[in-house]
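Peer 1: Got a structure here, written out as structure tokens. Questions coming.
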Amino acid sequence: MRGKPVTKRQVTPDPKFNRVDIAKFINKIMRRGKKTVAQSIVYNAFEYISNKTKQDPISIYDAAMRNVSPNLEVKGKRIGGSNYQVPIVVIGDRKLTLAHRWLIKAAQSRKGAAMSARLGEELIAAAKGEGEAMKKREDIQRMAESNKAFAHFA
């Protein structure tokens, strides 16, 4: 390994809810350094959720994160000239990162509304256990289950 290992940076909590996971979600949405735009998207999505469901948007967000976060994923491993999809357990921050990535991608694929409304709809759907992000999680879990035979390569 060349050089020294990269130190992990601390993310400052978001200004409105004072939570690090929401700050990371805002940073994932952010493009070209426009943090205020990303913050307005997330906060408007939370406002949309509270108007639509009459519930606390933070509880909806937490339920969506619990539902979308994967337990298993597959990782390609080359052994003896063959590539195997080896199932591995997802640990730590990777669960949150994958959940954020899938939710944002699913919200972007929806058409016909502002990004904050699309994100709000996707979070509501994920909290109920449906939607495109949940479908992605189930596909990954199913792939890991079907490749259980190669778990000894991990």
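Peer 1: Out of 137, 110, 94, 78, I need the residue that is without any contact (Cβ under 8 Å) to a residue 24 or more places away in the chain and more than 23 Å from residue 31 (Cα to Cα). Which one?
Peer 2: Numbers: 137 fails: without any contact (Cβ under 8 Å) to a residue 24 or more places away in the chain; 110 fails: more than 23 Å from residue 31 (Cα to Cα); 94 fails: more than 23 Å from residue 31 (Cα to Cα).
Of the residues listed, the single one that is without any contact (Cβ under 8 Å) to a residue 24 or more places away in the chain and more than 23 Å from residue 31 (Cα to Cα) is 78.
Results for (1) under 18 Å from the mean Cα position of the chain (by Cα); (2) not β-branched (Val, Ile, Thr), shown as yes or no for each residue.
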| position | (1), (2) |
| --- | --- |
| 62 | yes, yes |
| 65 | yes, yes |
| 88 | yes, no |
| 106 | yes, yes |
| 114 | no, yes |
| 124 | yes, no |
| 130 | yes, yes |
| 147 | no, yes |
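Peer 1: Being assigned to a loop (DSSP other than H, G, I, E, B), touching a helix residue (DSSP H, G or I) at 6+ places or on another chain (Cβ under 9 Å) and of a type outside the set (A, V, I, L, M) is the filter here; which residues of segment 84-122 pass it? Reasoning before the result, please.
Peer 2: Let us first name the residues in segment 84-122 that are assigned to a loop (DSSP other than H, G, I, E, B), namely 90-92, 110-114.
Those left that are additionally touching a helix residue (DSSP H, G or I) at 6+ places or on another chain (Cβ under 9 Å): 90, 110-114.
110, 111, 112, listed by residue number.
Peer 1: Kindly indicate the residue of segment 48-60 that is free of Cβ contacts under 8 Å to residues at least 40 places away in the same chain and more than 18 Å from the chain's Cα centre (by Cα) and also surrounded by the fewest Cβ atoms within 10 Å (Cβ to Cβ) among those meeting that condition.
Peer 2: The qualifying residue surrounded by the fewest Cβ atoms within 10 Å (Cβ to Cβ) is 54.
Read the figures in this text as sums done on the coordinates, not as results from a lab. Everything numeric in this text was worked out from a predicted model, so none of it was measured. Every residue, glycine as well, gets a Cβ built from its backbone with ideal geometry; the counts of neighbours run over all protein chains shown.
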